[in-house]
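Working notes, beginning with the structure itself.
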Amino acid sequence: MNELVMDAVPGVTRVALPVGVNAVESVNMYVLADGDSVTVVDCGVWRPDLPDGGLAALEAGLEGAGYALRDVSRILVTHAHIDHYGLAGRLMELTGAGLSMHAMTDLDCEKYRHPDTARARRRDTYADHGVSELERTDLADHLTRWLPYLHSVVEASTRYRGGEKLDIGGDTWEVVHTPGHSLGHVCLWSPARGLLLSGDHLLPGITPPVAFERGFDADPLRSYLDSLRAIADRGPTLVYPGHGRPFGDAVGRIEAILRTKTRRLEKIRRAIEAKPSTVTELADTLVAKAILAHQRQLALSETLAHIAYLRWSGEVERRTRPDGVYEWYCTSGARAR
Ligand SMILES: [Zn+2]
């Protein structure tokens, strides 16, 4: 079912596209009117199991905003996670529009082009951190579960670096680079309207996951917290998120997320201070023991991101146990913050 919302902000339509796989219910596409043409922001997944490939909902959304596929002149993707980006290649074929993303999304594209290497790298990471061999393969299959919903791997034709100004429908939108949830993540910010299209950088109800992945950001949590502050400085009055309903009080939401992340950092630091620990031990004690593979995978990569933050802060360090597993301990110079 397609939930079409013609919001109070003229020229901006939110379309909740159904996803329905891997525990993601829906993703928001935003249709930004620009005279006779439109910019779409995020585009949902490719559905090989549906006769229309998942396009019907997208087309209905465009129609609801008064447009058709041929009117799409720009496809902007906030970050190259498959729930936001899966249909981009197909949409480019159908509309001839270019794809605008941050330059760092190259790394995601590289991963999708070489999934075997990506999976092997992830298995190596898990092995180093003490995940059992049995569980390792299952966990590394996260990518396998998403790839069927990616139509094709397409690189950005317009490569953002952050700070670009886009004129859309008489309004000026700033492209804000917000690494953290994903290294190549951008938000779109309209100062005149106080409106932020936040992608997965800010979500209602849940704290966006920040995962560590080898070969990407060495300290993604620090990037994320810095990106949150950069958005708080702009003081959005209305946030249109990548999932769920629009919300106000962005600064309050940001403060809540900062508190959650800081609390977890402190918990992990204390646990390591009490007893040198492996990442699997930390994930099991700190994040409720997750049953489903994707939850467990998330818990481990979140814990890794927190550990990386503490390590780059000089508070914890790593040593290799005799069995080859990494163990984390508090450095003597560490003190409570
Ligand atoms: Zn995402």
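Annotated for the chain: lysine pairs at least 8 residues apart or interchain, Cα distance under 30 Å, count 8.
Given 10 Å bins starting at zero, what is the percent of C-alpha pairs of the stretch 47-195 in each, up to the one with the largest pair distance? Reading upward from the zero bin: 10, 32, 34, 17, 7, 1. Max-minus-min Cα coordinates of the stretch 3-128 on each principal axis give 52, 29, 28 Å, with the largest extent listed first.
Each of Lys267 and Leu107 was given a label point 7 Å from its Cα along the Cα-to-Cβ line. The distance between the two points is 2.6 nm. On full extension, the segment bounded by Thr320 and Arg145 gains 59.8 nm, given 0.36 nm per residue less the C-alpha separation. Overall, the stretch 164-243 carries a charge dipole of about 160 debye about its Cα centre when +1 sits on the Cβ of Lys and Arg and -1 on the Cβ of Asp and Glu, all other atoms neutral. Relative to the dominant Cα principal axis of the chain, helix 220-234 is inclined by about 40°.
The angle between the Cα long axis of helix 293-312 and the main principal axis of the chain comes to about 70°, on a 0 to 90 degree scale.
Any idea what the dipole of the chain comes to, in debye rounded to 20, about its Cα centre with Lys/Arg Cβ at +1 and Asp/Glu Cβ at -1?
About 1240 debye.
Just grab the label-to-label distance for Ala274 and Ala56, each label 7 Å out from Cα along the Cβ direction, in nm (one decimal). Result for the modelled spin labels: 5.4 nm. Note on the chain: percent of Cα-Cα distances in each 20 Å bin, starting at 0 and stopping at the bin with the largest distance, equals 31, 56, 13, 0.
Summed over qualifying helices (DSSP H, 4 residues or more, each -39500 (n - 2.57)) and divided by its residue number, the chain shows a 222 nm mean residue ellipticity of -11500 deg cm²/dmol. Using modelled backbone amide H atoms (1.01 Å from N, in-plane), which distant-in-sequence or interchain residues come within less than 5 Å of Gly54's amide H? Counting only residues 5 or more places away or on other chains, the set is Arg47.
Here is the size of the stretch 110-197 from its Cα atoms: Rg then Dmax, 18.5, 56 Å. Sorted fewest first by neighbouring Cβ atoms within 10 angstrom, Phe212, Phe247 come out as Phe247, Phe212.
Modelled spin-label separation between Tyr329 and Ile206, with each label point placed 7 Å from Cα along the Cα-to-Cβ direction: 3.8 nm.
Taken together, the values in this text are just the output of simple stated rules run on the coordinates, not laboratory data. These numbers come from a predicted model, not from an experiment. Reconstructed Cβ throughout: ideal geometry from the backbone, glycine too, with neighbour counts over all protein chains shown.
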